[in-house]
Amino acid sequence: MRKNMKTNQNLNYNIVAVDDEIGILDSLSIVLKKAGYNFTGFTNPVEAIEHIKDGHFDLLILDYMMTPLHGDQVVEEIRKFNKDLYILLLTGHRDLVPPIETVKRLDIQGYCEKSDKFDQLLLLIESGIKSIAQVQTIKKINTELTETYNKLERAYLESVETLRLTVEAKDPYTKGHSDRVSKLSILLGNKIDLPKEDLKILSVGSLFHDIGKIGISDNVLLKPTRLSDEEFEEIKKHPSIGVNILNNSTMFKDCLPLIKHHHEKYNGTGYPDGLKGENIPFLARLVAVVDTFDAMSSSRPYRDALSLQIAKSELEKCINTQLDPTLVTEFLDILNNNYEEVLKIYQAY
């Protein structure tokens, strides 16, 4: 019963052999099929390479001395498209084994001398199959863990998104603000040819840059008049609150510097850390430019939205004091020469 169970399990594994001696292949076919493995044999190594490329095989038994390709040349070709195939090398004599450096470089898992008896080879195959099974189990576990992690990440992101929308729902004057800042940031990021990785961080980070306002009192957040010094100190806490909300998830890890420092000023008078110039994270400096523009271009309880010309003039005044001069210049170029793209963003709200 136990032997039959093992045979049934072996049917899950496909073994391919390449040897220019048809007699060797016939013997391997009998022995391996009797042991319960699926077996395919080739006398032509070039043909075998093509079949391995197009099919699924778990283990390769490979003769070393063949024509037109030696075994190590066959492995060279296979490793170009398959790094995982378990390979056992057969040699007619131990002196014909390739150098150990070659065996390591090509990731050949084992070798043995040809023999009329296949006991040693079967032991190597069984050991190889166990190793393959362990790798498959680990991959399956990793896939399941990744799927579980992704579900948790999605659930966490949905929760954070709900918080973000709650912030905007509390204050109708900021409705759409984060979405616009995110889209404007990407517009500016593309203009200055930011790498794709930075654009992704910018997109997510700018979308959630004000998430910390969920922890600010409504009396302060919704106050229709100028804030007192004490109230302004409270509003200054929102970047740090945002970091505390998001730092429990690795998906926001790269966004945290942007979120924490988007209210730093180029001259060092901003918050929370009073960073100055290029000590302010680059993406935070970028978001600061578009965040400032959107704040000026949106209506507030105490004032109407500023006109485009006034907003541009105010941005110019912020150069070297509040905002990075290079990034302001690039954004003004968008406003002057590609304003229709900016207008599309605002027309969506």
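The values are calculated or read from the model by the stated rules, or taken from the named source; none is laboratory data. Here the structure is a predicted model, which means the values were calculated and not measured. A quick note on method: Cβ atoms are made from the backbone with ideal geometry, for glycine too, and the neighbour counts reach across all protein chains shown. Surface accessibility is based on the protein's heavy atoms, side chains included, excluding ligands, DNA and RNA. Shrake-Rupley method; radii C 1.70, N 1.55, O 1.52, S 1.80 Å.
Table for the structure above
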item	result
Checklist (1) crowded, with 16+ Cβ neighbours inside 10 Å; (2) closer than 15 Å to residue 182 by Cα applied to residue 349, failing item	(1)
Extreme residue, modelled with the lowest pLDDT, among residues of segment 163-193 that are more than 15 Å from residue 213 (Cα to Cα) and open to solvent by 20 Å² or more (accessible area, probe 1.4 Å)	179
Conditions (1) open to solvent by 30 Å² or more (accessible area, probe 1.4 Å); (2) on the phi < 0 side of the Ramachandran plot; (3) within 35 Å of the chain's Cα centre (by Cα): number failed by residue 41	(3)
Output for segment 321-332, where each listed residue is farther than 13 Å from residue 191 by Cα and open to solvent by 50 Å² or more (accessible area, probe 1.4 Å)	321, 322
Top-ranked residue of segment 289-342 - restricted to ones that are of a type in the set (A, V, I, L, M) and not in a helix (DSSP H, G or I), ranked as nearest to residue 272 (Cα to Cα)	323
Selected residue [within 30 Å of residue 152 (Cβ to Cβ), of a type outside the set (Phe, Trp, Tyr), open to solvent by 20 Å² or more (accessible area, probe 1.4 Å) and touching a Gly at 6+ places or on another chain (Cβ under 9 Å)] from 196, 237	237
Hits in segment 240-277 (condition: open to solvent by 20 Å² or more (accessible area, probe 1.4 Å), touching a residue at least 60 places away in the same chain (Cβ under 8 Å) and touching a helix residue (DSSP H, G or I) at 6+ places or on another chain (Cβ under 7 Å))	245, 251
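Rundown of residues vs (1) in contact with a Ser or Thr (Cβ under 8 Å, 6 or more places away or on another chain); (2) modelled with pLDDT of 90 or more; (3) not β-branched (Val, Ile, Thr), yes/no style:
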position: 31; (1), (2), (3): no, yes, no
position: 38; (1), (2), (3): no, yes, yes
position: 43; (1), (2), (3): no, yes, no
position: 57; (1), (2), (3): yes, yes, yes
position: 77; (1), (2), (3): no, yes, yes
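Conditions tested, residue by residue: (1) free of Cβ contacts under 8 Å to residues at least 60 places away in the same chain; (2) of a type outside the set (S, T, N, Q); (3) open to solvent by 30 Å² or more (accessible area, probe 1.4 Å); (4) within 27 Å of residue 227 (Cα to Cα).
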site: 279; (1), (2), (3), (4): yes, no, yes, no
site: 294; (1), (2), (3), (4): no, yes, no, yes
site: 303; (1), (2), (3), (4): yes, yes, yes, yes
site: 306; (1), (2), (3), (4): yes, yes, yes, yes
site: 319; (1), (2), (3), (4): yes, yes, yes, yes
site: 334; (1), (2), (3), (4): no, yes, no, no
site: 340; (1), (2), (3), (4): yes, yes, yes, no
site: 343; (1), (2), (3), (4): yes, yes, yes, no
